[in-house]
Amino acid sequence: MNLPNKLTVFRILLIPVFMLILAFNPDWGTWLVLGVQLPVSHFVAAVIFIVASLTDFLDGQIARRENLVTNFGKFADPLADKLLVMTALIFFVQFQWVAAWMVAIIVIRELSITGLRTLIVENNGKVLAAAMPGKIKTFSQMIAIIFFLLHNIGFAAIHVPFAQIMMWIALIATVYSGVDYFYKNRQVFSDGFK
């Protein structure tokens with residue numbers, strides 16, 4: 001297993017730790033930071049999420065630079081992103097930070113693209129790598145999640161709901177990238193329209 005794949009596996013292993021902190025929400029006190037009462041448990045969850053997100057950036061950079069791109073990496077890297085983001089967003093619905101319908105759209109897109117990836121592998125043996133719209137979607141989701149966990153730190157004092165704004169951008173990018181993937185790979189479904 002090469003270094004990028006090890007980073008991906010490490011990211012996957014961080015997800016249960018992240019989930020446990022959000023699930024049990026331990027009372028480790030709060031910090032007053034830039035006018036925000038920030039629960040320490042949310043800060044710790046944010047740090048875990050940031051570390052996991054950085055491994056996402058690093059594994060892709062290393063894989064491309066060192067020519068270590070593998071089918072496992074193409075499969076596991078976006079899967080790790082989905083698992084991490086979906087875990088956070090499902091908890092955010094529970095915390096009433098994000099509307100359930102927004103998360104439902106994101107989940108539907110992710111399941112649809114996973115199905116498309118499976119179909120492409122079955123048809124031509126290739127794994128569908130993440131395209132730029134999908135990367136923008138992932139980046140905007142990750143920024144939104146970080147600022148939700150940090151209670152809009154740096155923006156709350158000036159009454160700008162930055163996390164919510166990023167969530168809307170993420171939703172738009174999610175829908176656009178989903179449509180883009182299906183349009184660019186529409187030939188996979190050509191046998192159903194003969």
Problem - Simple spin-label estimate for residue 96 and residue 24 in nanometres, 7 Å along Cα-Cβ - result: 2.6 nm
Practice task
With a point put 7 Å past each Cα toward its Cβ, work out how far residue 17 is from residue 69 in nm, to one decimal.
Solution key: 3.0 nm
Problem - Length released on extending from residue 32 to residue 57, taking residue separation times 0.36 nm less the Cα-Cα span - result: 6.0 nm
Completion exercise
In degrees, nearest 10, the alpha-carbon axis of helix 40-65 is tilted away from the dominant principal axis of the alpha carbons of the chain by 30 degrees
Problem - Most to least accessible of 82, 6, 135 (protein chains only, probe 1.4 Å) - result: 6, 135, 82
Fill in the blank from the handout: Per the C-alpha gyration tensor (a ≥ b ≥ c, the square roots of its eigenvalues), segment 3-189 is rounded if a/c is under 1.5, else prolate if a/b beats b/c, else oblate; here it's prolate
Practice task
Express in whole angstrom the spacing between the alpha-carbon centres of segment 1-35 and segment 54-101.
Solution key: 13 Å
Exercise for the section: Please give the calculated 222 nm ellipticity per residue for the chain, where each DSSP H segment of at least 4 residues contributes -39500 (n - 2.57) and the sum is spread over every residue; nearest 500 deg cm²/dmol? Expected result: -25000 deg cm²/dmol
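Write down the accessible area per residue of segment 3-189 in Å², having rolled a 1.4 Å probe over the full set of protein chains.
52 Å²
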Practice task
Quick one: which residues, 5 or more positions from residue 30 or on another chain, have an amide H under 5 Å from its amide H? H modelled 1.01 Å from N in the peptide plane, none for Pro or chain starts.
Solution key: 40
Problem - Separation in nanometres of the label points that stand 7 Å from Cα toward Cβ, at residue 119 and residue 40 - result: 5.0 nm
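What is the sum of charges, Lys and Arg at +1 and Asp and Glu at -1, for the other residues whose Cβ falls under 12 Å from the Cβ of residue 171?
Net of charged neighbours comes to +2.
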Practice task
Taking the Cβ of residue 84 as the centre, find all other residues whose Cβ is under 14 Å away and add up their charges (Lys, Arg: +1; Asp, Glu: -1).
Solution key: -2
Problem - 118, 55, ranked by accessible area, largest first (probe 1.4 Å) - result: 118, 55
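The values are calculated or read from the model by the stated rules, or taken from the named source; none is laboratory data. Note that the coordinates shown come from a computational prediction; the quantities given were computed from them, not determined experimentally. As a convention, Cβ positions derive from the backbone with ideal geometry for all residues, glycine included, and neighbour counts pool all protein chains shown. For the accessible areas, the whole protein counts, side chains as well, though only heavy atoms, and no ligand, DNA or RNA atoms are used. Shrake-Rupley method; radii C 1.70, N 1.55, O 1.52, S 1.80 Å.
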